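Remarks on the structure that follows.
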Amino acid sequence: MKGMFVFAMALGLAFGGCTEGDHQDGDGHHGSGETVDVPDHYAAAVEKCEELSKKIDDLIAKGDLDDVHAVAANIQKIAEKLSALAKEDLPQEKLRDVNIKSKELAGMFTEIDEAADAGKKQETIQVHDKMRGLIAELKKHVKKVDPHEGHQH
């Protein structure tokens, strides 16, 4: 019985492809990367997504597509929390849009991971462009603070 379980697990790993939790080593597959701490506020979380997106740009430019996995997984992790952060930090009328766009962003992990794993640079760029667009849309909900607000002139 134990042998069948081990065999089934081996088959799953062989044919299952890559998932968020996979962090392969050695021969240029993924790398463990660092896991991200999700910020406590919506604005900081979106800013962190932007920062990670720039990191993906750099990786693509260098041709390090195998390293896109870990960074994209971190964006996914943050995107999954954006709705909850928005409930705390944003007005009610913005929540629906944030929910839709953050779910879409989180859902793009598999698409970018598969393109990058396959070494398809152009496809990786296209998926990342969509991700960048969603991050920009999510950023529109961040309240802009006027540095002069509250100061007398």
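Please pick out the residue among LEU95, LEU90, LEU82 that is open to solvent by less than 10 Å² (accessible area, probe 1.4 Å) and either acidic (Asp, Glu) or closer than 15 Å to LYS140 by Cα (or both).
Working: LEU95 fails: open to solvent by less than 10 Å² (accessible area, probe 1.4 Å); LEU90 fails: open to solvent by less than 10 Å² (accessible area, probe 1.4 Å).
Residue meeting the stated conditions: LEU82.
Give the residue that is farthest from LYS94 (Cα to Cα), with candidates limited to residues of the range 127-143 that are surrounded by fewer than 20 Cβ atoms within 10 Å (Cβ to Cβ) and within 15 Å of the chain's Cα centre (by Cα).
Restricting to residues being surrounded by fewer than 20 Cβ atoms within 10 Å (Cβ to Cβ) and within 15 Å of the chain's Cα centre (by Cα), the top hit is ASP129.
Go through GLU114, GLU104 for me and flag whichever is of a type outside the set (Gly, Ala, Ser), within 11 Å of the chain's Cα centre (by Cα), open to solvent by 30 Å² or more (accessible area, probe 1.4 Å) and within 23 Å of VAL36 (Cα to Cα). Give the steps one after another, and end with the answer.
Values: GLU114 fails: within 11 Å of the chain's Cα centre (by Cα).
Sole residue among the options that is of a type outside the set (Gly, Ala, Ser), within 11 Å of the chain's Cα centre (by Cα), open to solvent by 30 Å² or more (accessible area, probe 1.4 Å) and within 23 Å of VAL36 (Cα to Cα): GLU104.
The values are calculated or read from the model by the stated rules, or taken from the named source; none is laboratory data. Nothing here was measured: the structure is a model prediction, and the numbers come from that model. Positions of Cβ are generated from backbone atoms using ideal geometry, with glycine treated the same way; all protein chains shown enter the neighbour counts. SASA here: full protein model, heavy atoms, side chains in, ligands and nucleic acids out. Shrake-Rupley method; radii C 1.70, N 1.55, O 1.52, S 1.80 Å.
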